[in-house]
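The values are calculated or read from the model by the stated rules, or taken from the named source; none is laboratory data. Keep in mind that what you see is a predicted model, and the values were worked out from it rather than measured. Here the Cβ positions follow ideal geometry from the backbone for every residue, glycine too, while neighbour counts run over all protein chains shown.
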Amino acid sequence: MVLAVVTLPRVTAPVAIDYSFWRGYRFSVADRVVKPHGFPRNRLSLPGTAGTVEATFKAGVLRAYPVISVDGVDHPTGPTTPRAVQVIGLLPLISLMLVTGAIGALLTFGAIAGNVSIIREDLSDRVKILLMLTVLAAVVAADLFIVSLATAA
């Protein structure tokens, strides 16, 4: 599934960007996959009209679309993610105060992974916020259930 397609200066064809939770971002130019390199893996060597075009990309866990930078000029690949949506996406971290350890971490980071996938969906910001608050309520309810089981024993 193609997340976005962006036309960059001096690049031979539009850059298609694909995202997978397990693989991360994949970039391709004219059906040729371009692998990120460097440390951190945020540099791209794209085929250009007069040689290779060096670019970098900025992507965050809670950013729906990355930004590709060529010659110091940022080229967004989609609309920016509002700061409020990013903050609400991280709210499940407060559930670690209820249940710590492996179970709490599993629930918390599972909820954050769910929120990341919600952020990347093509929905309105209001629907995204509502869904992420539902995920938060579900993880807090699960934590409270675990706490009640632990105190009852």
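Would you mind stating whether V116 is assigned by TED's automatic domain parsing to the domain that holds V11 and within 13 Å of the chain's Cα centre (by Cα)?
In short, no.
For the stretch 34-60, give me each residue that is in contact with a strand residue (DSSP E or B) (Cβ under 8 Å, 6 or more places away or on another chain), farther than 16 Å from A4 by Cβ and of a type in the set (A, V, I, L, M).
V53
Pull up the stretch 126-153, narrow it to residues that are among the charged types (D, E, K, R) and surrounded by 15 or more Cβ atoms within 10 Å (Cβ to Cβ), then point me to the one that is modelled with the highest pLDDT. Steps first, please.
If we filter the stretch 126-153 for residues that are among the charged types (D, E, K, R), which is where we start, we get 126, 128, 143.
Now drop any that are not surrounded by 15 or more Cβ atoms within 10 Å (Cβ to Cβ), which leaves 128, 143.
Details: K128: 95, D143: 91.
My answer is K128.
May I ask you to list the residues in the stretch 107-153 that are more than 25 Å from R83 (Cα to Cα) and either in contact with a Phe, Trp or Tyr (Cβ under 8 Å, 6 or more places away or on another chain) or part of a helix (DSSP H, G or I) (or both)? Break it down stepwise before answering.
Just the residues of the stretch 107-153 that are more than 25 Å from R83 (Cα to Cα), to begin with: 141-153.
Result: A141, A142, D143, L144, F145, I146, V147, S148, L149, A150, T151, A152.
I need every pair where a residue in the stretch 3-26 that is closer than 15 Å to T77 by Cα has its Cβ under 6 Å from the Cβ of a residue that is among the polar types (S, T, N, Q), sequence separation at least 6 or different chains.
Pairs that qualify, where the first residue is closer than 15 Å to T77 by Cα and the partner is among the polar types (S, T, N, Q), are A4/T77; V6/T77; P14/T7; A16/S28; I17/T77.
Just checking, which of V33, V70 is over 25 Å from A142 (Cα atoms) and touching a Leu at 6+ places or on another chain (Cβ under 6 Å)?
None of the other options fit; the residue is V70.
Hey, can you tell me all the residues within the stretch 27-61 that are of a type in the set (A, V, I, L, M, F, W, C) and either under 16 Å from D74 (Cα atoms) or not in a loop (DSSP other than H, G, I, E, B) (or both)? First the steps, then the outcome.
Step one: list which residues in the stretch 27-61 are of a type in the set (A, V, I, L, M, F, W, C), which gives 27, 29-30, 33-34, 39, 44, 46, 50, 53, 55, 57, 59, 61.
Once the filter is applied, which keeps residues that are of a type in the set (A, V, I, L, M, F, W, C) and either under 16 Å from D74 (Cα atoms) or not in a loop (DSSP other than H, G, I, E, B) (or both), the stretch 27-61 yields F27, V29, V33, V34, L44, L46, V53, A55, F57, A59.
Select from the stretch 2-24 the residues that are in a loop (DSSP other than H, G, I, E, B) and modelled with pLDDT of 85 or more and list them in ascending order.
Matches in the stretch 2-24: T7, L8, P9, R10, T12, A13, P14.
Does any residue of the stretch 66-83 turn out to be of a type in the set (D, E), modelled with pLDDT of 90 or more and part of a loop (DSSP other than H, G, I, E, B)?
Our first condition is that a residue be of a type in the set (D, E); within the stretch 66-83, this holds for 71, 74.
Now drop any that are not modelled with pLDDT of 90 or more, which leaves 71, 74.
Checking which are part of a loop (DSSP other than H, G, I, E, B) leaves us with 71.
Checking the stretch 66-83: at least one residue is of a type in the set (D, E), modelled with pLDDT of 90 or more and part of a loop (DSSP other than H, G, I, E, B).
Pick out the one residue from A55, A111 that is in contact with a Ser or Thr (Cβ under 8 Å, 6 or more places away or on another chain), outside the structural domain of T7 (by TED's automatic domain parsing), surrounded by 13 or more Cβ atoms within 10 Å (Cβ to Cβ) and within 22 Å of Y19 (Cβ to Cβ).
Details: A55 fails: outside the structural domain of T7 (by TED's automatic domain parsing).
None of the other options fit; the residue is A111.
Enumerate the pairs (first residue in the stretch 89-106 and surrounded by fewer than 19 Cβ atoms within 10 Å (Cβ to Cβ); second residue anywhere and charged (D, E, K, R)) with beta-carbon separation below 6 Å, excluding pairs fewer than 6 apart on the same chain, so at least 6 apart or on different chains.
Listed by first residue and then by second, the contacts come to L98/D143.
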